[in-house]
Each structure stands twice: as C-alpha cells, then as structure tokens.
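Novice: My questions all concern the structure below.
Read-outs throughout are calculated quantities, based only on the coordinates presented, and are distinct from any laboratory measurement. Note that the structure is a prediction, hence the values are computed from the model and not measured. Note that we place each Cβ from the backbone using ideal geometry, even for glycine, and neighbour counts take in every protein chain shown.
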Amino acid sequence: MLNYTVDAQGIATVEFDYPGKSQNILNANSMGAYAKAMQQALADPAVKGIVVASAKKDFIAGGDLAELGAATDAKAFHAAISDWHKLMRGIELGGKPVAAALNGTTLGGGMEIALACHYRVAADNPKARFGFPEVTLGLLPGAGGTQRLPRLAGMMAAAPLLMEGKRIKAAEAQKIGMIHAVVAMGEERQAARKWVQEAIAAGAKPLQPWDAKGYKIPGGGPNTPGGMQMLMAANAMLREKTYDNYPAPRHILSCVYEGLSTNLDTGLAIEARYFTNLVMSPVSKNMIRSLFFGMQDANKLSSRPAGVPQQKYTKIGMLGAGMMGAGIAMSTATAGIDIVLLDTSVEAAEKGRAYAAKQWGKQVARGRMTQQAVDALLARIHPSASYADLAGCELVIEAVFEKREIKAEVTKQAEAVIAADAIFASNTSTLPITGLAQASVRPANFIGLHFFSPAEKMPLVEIIVGKATSDATLARSMDYVRAIGKTPIVVNDSRGFYTSRVFGTYVSEGMALLEEGVPPALIDKAGLIAGMPVGPLALADEVSIELVHKIAQQTRADLGKAYVERAADRVAAKMVAELGRLGRKSGAGFYDYPADGPKHLWPGLSQHFVPRVGADGTAMISLDEIVERLILVQSVETARCLEEKVLRAPIDADVGAILGWGYPPFRGGPIGWLHTLGLAQAVATLDGLAARHGPRFAAPKILRDMAAKGERFYP
Ligand code: NAD
C-alpha cells in the first residue's frame, strides 16, 4: 500500500504503491496507511523532513468512486472526512518540512494530499494533468481542495478547476501557483528532497502561506470589491447554465465564498458539511453510476458475448458518403483503419472526403492538429463508386438514403463482393433491422450500427440485434465500436430501436403541450429547466418537423388499424402540410430563422395553436407539471422498452440517453430517474398523469410489479 523509508539524513519517503493496480487509489485502506505513515514520521524525532511520492507512473488520479457511491451514513462519513482534515492540518503545522514529488497525473484527492504539503514539485511529464474532476460526478474536492487552491491561486484562477473540473498541465499549474516548480522527468524526487534538505538546514518552522503572518488571498478575498464582483458573476453564470439542477458547482461556490471569508480551519469545517451533503445526494449517486461505472462497463464491452475471438479491423466499407457516411469515415480513419467511401459516383464520394478535410482543417487552424496528421488520415479514406473496391473489408456499413429498396439493393451488391464472414451493418435510424436483413443472403452477419449526428463527434453507437443476428456478429461489431473509441449499447430490434423511440417522446410531448394551448416559450423553457440541452419545439425544428411528419405517416401505413393517432402527429401535419413550415432546414418551423439575427418563436404560432391562459395571462398548467411530463414521458417509454426486452439492461438505457440525446446526467438517466423517485412514487405519479393525459403515461406492468414487490432497478 505504502512504502516507508528513512534515510541517513533523517528524510522519510512516504511512497504510495497500491498493490495489484496500475494506479494508486485513494480509499479507506490507502488513506489509513497514509495517515499512519505520516503520523509516524511526524512523531519520530529521527525524522527531520518528509518526501511524499508515488511508485506508479502517475501520482494519484483520484478517490475510489465505488466507496463514495456506496456511502450512505452521513454521520460516519462526516466524521471520517473531518479526521482526514485534522491529519492534513497536522502535517501542515507539524514543524517538519514536507514536499510532494508529483511524477505524473495528480487529480482530486491526490492533488489535495499534495496541496497539504509545504512544497510541490512536478515532473515535466507531457501526459500529466492536474486538477479536480469531482464536480463532473456531482461531488466537490472535499479534502481541502475548495479551501487550499483558491488560497494559493486566487478565486479567479481556481474557479474553472473547481467548478468545471478543468485539468491543466504542469506548466500552467505552476503559473497559477498550484505547484512550486517543474523539473525534468525523473528528477522530481531529487528536487523534492533538495527542498526538504534546505528547509531543514534553514531551521525555520515550515508553514503554509495561510498559516504565515500577514497572509492575503491572492487577488483578494470574497469580501473585497473584486472578489464580490467575481462571485456575483460566477453565481449568475452558473444558474444560467445549469438552472440550478447541479448542487455540486453551487456548493463549491458556497465553500469558496463562506470558507474564504474565514480562516482555513473553519473553511475546512464548512467544506466537510457541503461535501457530506453531496456524497449523500441522489445526484452524485446517479452521476457516478451512469457517467462513471455505466460508461466504464460499456467501454469495456462487459456485455460482449463470450468465446468469440477478438476481431481486428484493417479495412471497412462505407456505403453513402452523405452526412453520416462522412462522419463515420472520419471516426474510422482516426482509429487507423482504412475506409472505402462509396457513393453513386466518385464525385459524390469525394464530397464525403472533402467534408472530412474541412472538419479536420478547422482543427489545424486552431492548432489542435498538424496538416501532416490530417493528410495521413485523409489518405485512409478512399472515395469510390465501384463495389469491387470493397473486397477485403471486414465490415461494411451502409448510410444511404432511408429507403428500404435502396438499402436492399446496396446490401446485395456489397455482399456479392465481401468475404462470407464479413459483417454488413445498417445505420438506419428507423427501419427495423430484421426486415432489412431479408435482403441479405447471410442475415446472421447482418446488424444495426446506429450512429448519431455528427457521427465524428457523438460518442454513442446503438447496436441493434436483429432476429437472425448471431452472437459472433454482435461481439465482432462491438470490437469495431471500441476500436473507433465510441461507447456501445446493445438493444434488440424494434421500431425506432431504443434511442429514437424514447427521444421522440420528448419532442412529441412538447408538441402535445402546444396543442393543449401551453404557450410555446414556456414549453421550451421548461425543457431547459428539466435539464435537457434543447427545448422540445426547438429540437423538432432541428431534426425537422417534416421528418416527424414522415415517420408518423410511415408508422401509420405500417401499423394500419393498430395505429393510434397522437397530438404530435396532428401538430406536425398542420405545420408541414398546411403551413409549409418544415423546420430549421427550410428556415421556418416553430421558430423563425432570420438571416440577420438570432432565431425567435414564430409569431404566427399563436394563431394556429391558441394559448390557453388565465385572465392574468399565466398558463393553465404549472411549470412543474410541464417539466414532469417532459421527463416522465421518456422514463415510461424506456420502461416499456425494458418490458418488451428491446433494452437488455437498465444501465444501457441510462448511458444511451445521456450520450445519445443529452439526457440530463443529474437524473441518472430515464431509469435512473425512476429509481431516484422510488418506483412506488413513480407509479403513483404516472397514474395521475395517465388519468389526465392518456395512456402514453400508463405505467407498464414491469414498473407496477417491481413497485409492488419493493424491488429496485439499482442497489
Ligand atoms: P444523406 O442524404 O446526407 O446521405 C446519403 C448518401 O447516400 C448520399 O450521399 C447519397 O448520394 C448516397 N446514396 C444514395 N443512394 C445510394 C446508393 N444506391 N449507393 C450508394 N450511395 C447512395 O443522409 P444521412 O443523413 O447521411 O443519412 C444516411 C442514413 O443514416 C439514413 O439511413 C439515415 O436514416 C441514417 N441516420 C441519419 C442520421 C442523421 O441525423 N442524419 C442519424 C442516424 C442515422
């Protein structure tokens, strides 16, 4: 756990060395070992100074999230964190010089250990990053980070690190005063030791700046004019950005304001309370579960069918060089895989490559990529109009027009060329995979790989397993998704699969609210307040109201009598067929898009969807109910996907929603939110909504059964 040595000069080295792991991890065990080692060094008269170091390639990359995620006893947690604060203060005031040798990445609790040393020296390691990622998982740096960093760097420089989780390199960390020195890699321990030796020789009691006489907060404290201005602006910006859905950045700001208004010890006590509050809050539990463990499991392919040898990819075929084809080609080339980009003509295929060149060109202009690197990537993309070029592809993905006949035709042509064991994948967003596989002569090798737009940026791939798709095809497709650095979720075939189906309910509910007479500005604002990245009407404009209309028509045609008309169908039909407002692409949808200014709601909307407002002009429905409807309509549809086994696991739903359509992470995901509400409460609320608004809110059996038995989706 820890190596403890004392040399002939009386300098102790306390070296983190977590057994059996490539990284040091901070948890009850390793923190206990550190406390013991430091107390021993401080108490031993033979020890004159201390160097804290790491035996791994990094210093410490953070705390044990499993432990934090599982913590439920607030009192015990608060006591433990207060003890840790005491230890850190003991080190700072112990009279012996303590230096940290930061050989690599130092984050979170690791950075806090370093900040409680008198001196910090970092290696000039290009891979090393320094900072506090806690806020990104709904937490705060609770071992003194919110107190020590702004006391060293000033509130202004500390803000992006604490409140956004920004990670910086060694040189920048030195510039803002977070570390004292940067030395060549491999010399950091020696440098730390040298500082300790000199401090011993100087004989003065080593003190942190805040413990020394005459200390002033760099740039001024919270109650100076500059400090007040900074905090007021930060507070306003935070609320504008988050609608106060995220307690962590708000608590961090409180820690800084309240803590820096007093002395360090009181500040630490304040921080301990806010930290305990966050660790116990459902928000951090949700974010840790979905954003950390859920994502980690998905990226590790933990649901990959066993026993299938890993597939290596060297050459991929991409049919259709449109928006999606070009994006997928970019992601594939970036992974070092050659890609044949095929369209109806070489010129059309070249357009896809030109798109890639343009996007990467922007990176060159910003200094994020070299032209040389871009040229190497472009050399991997081979525009073509000849199916013969697909020979040797391990995988072919089609992203041609969303028409069954065209998809069938390209499937046949590609399969005539590729090897018998090659995979054929469709990027369709709506057409069931099992139906498309009918065009295939080897449906076991046919699968859905649903990317999101823009495909070169969006991290999720929804893998759709058709009736005939084999486990081997699934496993090998997952290997491809991992190879291009994206996160897969696996779902079974159904109309709209999982993501389009549930995402669509959010847009539809917004349109239903409009038909009911809820003012459109209120609908879209409610979407933002709910935590969604875009309001439902603005989103309908983005994906195009015409598409919503087309999908409704197609579904109606496919389902015949079984089709149940929805409010959204009527609204879309009216907007498209009657009013000719197709969405953003036509410059006219629920919003107007003037060439010379920002978009705004179309004033004509109120004539066609007359707002029902009370005598005082306020809406007939509360904001809370709109938010509830926009959120629960997604949860209830997701629960149906679980019941119908479209989804294989609840965590897939949550990871897919957050990565796929920006579902608010603080809720954990559509299932995470039901879990947060408690299933009995969720069912009761859904019953009320179903009674008022119809069966789209009816709780499916799976929810009722689980609620009745007191079962939960997550521990
Ligand atoms: P697009 O219109 O931008 O591109 C389609 C491309 O396919 C065009 O370049 C066209 O020339 C080419 N093409 C048409 N017929 C062809 C044929 N017979 N052989 C070879 N190439 C042919 O469309 P897109 O937005 O890239 O969408 C493509 C597919 O991806 C569709 O199935 C769509 O549903 C799906 N999809 C789209 C999105 C999205 O947001 N746009 C998201 C996920 C999935």
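Novice: Net charge near GLU456, counting Lys/Arg +1 and Asp/Glu -1 over other residues with Cβ under 12 Å of its Cβ?
Specialist: Values: positive: LYS358, LYS362, LYS457, LYS486; negative: none.
Value of the local net charge: +4.
Novice: Moving to a separate point now. Rounded to the nearest 10 degrees, what's the angle between the helix 679-693 long axis and the longest principal axis of the chain, both from Cα atoms, 0 to 90?
Specialist: 40 degrees
Novice: Taking amide H positions as placed 1.01 Å from N in the peptide plane, with prolines and chain starts having none, which residues 5 or more places from VAL52, or on another chain, fall under 5 Å of its amide H?
Specialist: Result for VAL52 returns VAL14, ALA99, ALA100, ALA101.
Novice: Set the Förster radius R0 to 51 Å, insert the Cβ-Cβ distance between ASP421 and PHE292 as r into 1/(1 + (r/R0)^6), and round the FRET efficiency to 0.05. Please list the in-between numbers first.
Specialist: On the way: r = 36 Å, r/R0 = 0.71.
Here the calculated transfer efficiency is 0.90.
Novice: Which distance in Å, rounded to a whole number, links the C-alpha centroids of region 504-578 and region 75-150?
Specialist: 49 Å
Novice: Hey, another quick one. Whole-Hz Karplus ³J(HN,Hα) for region 59-71, in order, using 6.51 cos²θ - 1.76 cosθ + 1.60 and θ = phi - 60°, x for Gly and Pro?
Specialist: 6, 9, 8, x, x, 7, 6, 5, 5, 5, x, 8, 5
Novice: Quick one: which residues, 5 or more positions from ILE179 or on another chain, have an amide H under 5 Å from its amide H? H modelled 1.01 Å from N in the peptide plane, none for Pro or chain starts.
Specialist: Amide H neighbours of ILE179, under 5 Å, 5+ apart: GLN174.
Novice: Count the net charge of all other residues whose Cβ sits under 12 Å from the Cβ of LYS358, scoring Lys and Arg as +1 and Asp and Glu as -1.
Specialist: Values: positive: LYS351, ARG353, LYS362; negative: GLU456.
That works out to +2.
Novice: Report the antiparallel proportion of the DSSP beta bridges in region 368-512 as a percent, rounded to a multiple of 5.
Specialist: Numbers: 4 of 17 bridges.
Bridges in region 368-512 are about 25 percent antiparallel.
Novice: If eta is 1.567 mPa s and T is 4 °C, what Stokes-Einstein diffusion coefficient results for the chain, Kirkwood Rh from Cα pairs, in µm²/s? Numbers along the way, then the final one.
Specialist: Values: Rh = 28.4 Å.
Once the numbers are plugged in, D ends up at 46 µm²/s.
Novice: Place +1 on the Cβ of every Lys and Arg and -1 on the Cβ of every Asp and Glu in the chain, take the dipole about the Cα centre, and give the residue among GLN208, ALA483, ALA391 whose Cα lies farthest towards its positive end.
Specialist: Sorting the options by dipole projection puts first GLN208.
Novice: For region 22-28, what does the Karplus curve 6.51 cos²θ - 1.76 cosθ + 1.60, with θ = phi - 60°, yield as ³J(HN,Hα) per residue in whole Hz, taken in order and with x for Gly and Pro?
Specialist: Values, residue by residue: 7, 10, 6, 10, 8, 8, 4 Hz.
Novice: Could you check the simple spin-label distance between SER386 and ILE702, using points 7 Å along Cα→Cβ, in nm with one decimal?
Specialist: 4.9 nm
Novice: Related question: Around PHE401, under 14 Å between beta carbons, what's the net of Lys plus Arg minus Asp minus Glu among the other residues?
Specialist: Values: positive: LYS403, ARG404, LYS407, LYS550; negative: ASP343, GLU398, GLU402, GLU405, GLU409.
Around PHE401, the charge tally is -1.
Novice: Applying a 10 Å radius around every beta-carbon, put 384-392, 629-637, 196-204 in order of their mean neighbour count, most first.
Specialist: Working: 384-392: 15.8, 629-637: 25.0, 196-204: 13.7.
Put in order of decreasing packing, that is 629-637, 384-392, 196-204.
Novice: Given a Förster distance of 30 angstrom, what is the FRET efficiency for ALA557 paired with ALA354, based on the Cβ-Cβ distance and rounded to 0.05?
Specialist: Details: r = 37 Å, r/R0 = 1.23.
Efficiency, from the Cβ-Cβ distance: 0.25.
Novice: Non-local amide H neighbours of TYR591 (under 5 Å, H modeled in plane, Pro and chain starts lacking H): which ones?
Specialist: TRP602
Novice: Compute the distance from the alpha-carbon center of region 643-657 to that of region 199-250, in whole Å.
Specialist: Each part reduced to its Cα centre gives a spacing of 43 Å.
Novice: How much of the DSSP beta bridge set in the chain is antiparallel, as a percent to the nearest 5?
Specialist: On the way: 17 of 63 bridges.
The antiparallel proportion sits near 25 percent.
Novice: Once you sort the root eigenvalues of the Cα gyration tensor of region 2-280 as a ≥ b ≥ c, which label holds: rounded (a/c under 1.5), prolate (a/b larger than b/c) or oblate (the other case)?
Specialist: Values: a/c = 1.60, a/b = 1.40, b/c = 1.14.
Prolate, since a/c reaches 1.5 and a/b exceeds b/c.
Novice: Explain nothing, just compute: Karplus ³J(HN,Hα) = 6.51 cos²θ - 1.76 cosθ + 1.60, θ = phi - 60°, for every residue of region 42-58 in order, whole Hz, x for Gly and Pro.
Specialist: In residue order, the calculated couplings are 5, 7, 7, x, 6, 8, 9, x, 9, 10, 9, 8, 10, 8, 9, 6, 10 Hz.
Novice: By the gyration tensor of its Cα atoms, with a ≥ b ≥ c the square roots of the eigenvalues, what is the shape of region 319-382: rounded for a/c under 1.5, prolate for a/b over b/c, or oblate?
Specialist: prolate
Novice: Then there's this: Which residues does a label at THR314 reach in region 358-392, if reach means a backbone N under 17 Å from a point 7 Å past the Cα toward the Cβ?
Specialist: Correct set: 380-382, 389-392.
Novice: Over 20 Å between Cα atoms, which of LYS96/LYS213; LYS36/LYS213; LYS351/LYS550; LYS315/LYS358; LYS166/LYS241; LYS241/LYS525 qualify?
Specialist: Details: LYS96/LYS213 18 Å; LYS36/LYS213 30 Å; LYS351/LYS550 27 Å; LYS315/LYS358 23 Å; LYS166/LYS241 16 Å; LYS241/LYS525 13 Å.
In this structure, LYS36/LYS213; LYS351/LYS550; LYS315/LYS358 lie more than 20 Å apart at Cα.
Novice: While we're here: So, R0 is 56 Å and r is the distance between the beta-carbons of THR136 and GLU405; what FRET efficiency does that work out to, to 0.05? Provide the component values of the computation, followed by the final result.
Specialist: Values: r = 46 Å, r/R0 = 0.82.
Once the sixth-power term is evaluated, E becomes 0.75.
Novice: Pop a pseudo-label 7 angstrom from the Cα along the beta-carbon direction at both ASN223 and GLU515 and give the gap in nm to one decimal.
Specialist: Rounded to a tenth, the inter-label distance reads 5.9 nm.
Novice: If you don't mind, another one. Hey, for a label at LEU579 modelled as a point 7 Å past Cα toward Cβ, could you say which residues of region 501-523 have their backbone N under 16 Å away?
Specialist: Under cut-off, by backbone N: 508-523.
Novice: Report, to the nearest 10°, how far helix 404-415 tilts away from the longest principal axis of the Cα atoms in the chain, using its own Cα long axis and a range of 0 to 90°.
Specialist: With both axes taken from Cα atoms, the answer is about 70 degrees.
Novice: Let me ask something else about it. Based on the alpha-carbon gyration tensor of region 365-521 and its eigenvalue square roots a ≥ b ≥ c, which shape applies: rounded if a/c is under 1.5, prolate if not and a/b is larger than b/c, or oblate?
Specialist: Numbers: a/c = 2.01, a/b = 1.25, b/c = 1.60.
Because a/c hits 1.5 or more and a/b fails to exceed b/c, region 365-521 counts as oblate.
Novice: Mind giving me the nanometre distance, one decimal, between the label points for LYS205 and SER261, set 7 Å out from Cα along Cα→Cβ?
Specialist: 3.0 nm
Novice: A follow-up question, please. Normalised by the residues of the chain, what does the relative contact order come to in percent, with Cα pairs under 8 Å and at least six apart? Let's see the in-between values first.
Specialist: On the way: 1314 pairs, mean separation 63.5, N = 715.
Rounded, it is 9 percent for the chain.
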